[in-house]
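Encoded as structure tokens, the structure appears first; notes follow it.
The values are calculated or read from the model by the stated rules, or taken from the named source; none is laboratory data. Everything quoted here is computed from the prediction, not taken from an experiment. Don't worry about glycine lacking a Cβ; one is built from the backbone with ideal geometry, like all the others, and counts go over all protein chains shown. Note: areas computed on protein heavy atoms with side chains; ligands, DNA, RNA excluded. Shrake-Rupley method; radii C 1.70, N 1.55, O 1.52, S 1.80 Å.
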Amino acid sequence: MKTYTITVNGNVYDVTVEAGEGGAPVATPKAAAPKAAPAAKAAAPAGAQGGVKVNAPMPGKILAVKASAGQAVKKGDVLLILEAMKMENEVVAPQDGTVASINVSEGASVESGDVLATLN
């Protein structure tokens with residue numbers, strides 16, 4: 001048996017893998033993949049997105065996108081309109097900054113916790 005530490009979406013898990021028939025060839029590829037994948041995922045969002053994530057507060061549908069990438073916003077400025085349970089909800093900037101990315105478009109369905117936009 002081998003024990004690995006794996007990070008998935010920022011959560012750290014300790015995983016124990018038992019060797020089956022021909023265990024050495026099976027264990028080697030699995031050991032390399034988890035170590036390489038988190039490093040690649042961590043590097044990509046840092047350059048492409050801003051440091052502040054704006055998440056969907058509830059599942060729904062994007063009715064309107066009110067901000068664009070590169071736009072300066074202040075805390076409380078409306079970024080998106082989210083329709084949920086037949087009501088229009090404003091998704092606002094949590095702090096002053098510049099919109100780094102808008103990750104959704106009008107008409108898109110989102111789940112609670114999805115990243116809608118990022119700010120610098």
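Among the residues of the stretch 59-70, which ones are surrounded by 14 or more Cβ atoms within 10 Å (Cβ to Cβ) and part of a loop (DSSP other than H, G, I, E, B)? If the condition is that a residue be surrounded by 14 or more Cβ atoms within 10 Å (Cβ to Cβ) and part of a loop (DSSP other than H, G, I, E, B), then 59, 66, 67 are the ones that fit. Look through the stretch 86-120, keep the residues that are closer than 18 Å to residue 51 by Cβ and of a type in the set (Ser, Thr, Tyr), and return whichever of them is least open to solvent (accessible area, probe 1.4 Å). That would be 118.
Take the residues in the stretch 72-101 that are part of a strand (DSSP E or B) and free of Cβ contacts under 8 Å to residues at least 24 places away in the same chain; name whichever of them is farthest from residue 58 (Cα to Cα). If you could, list the steps in order and put the result at the bottom.
Just the residues of the stretch 72-101 that are part of a strand (DSSP E or B), to begin with: 72-73, 78-84, 87-92, 97-101.
Among the residues that remain, those that are also free of Cβ contacts under 8 Å to residues at least 24 places away in the same chain are: 78, 81, 83, 87, 90, 92.
Working: 78: 16, 81: 12, 83: 9, 87: 12, 90: 12, 92: 14 Å.
Once the filter is applied, the top-ranked residue is 78.
Looking across the stretch 102-120, the residues that are in a strand (DSSP E or B) and touching a Gly at 6+ places or on another chain (Cβ under 7 Å) come down to 110, 118, 119.
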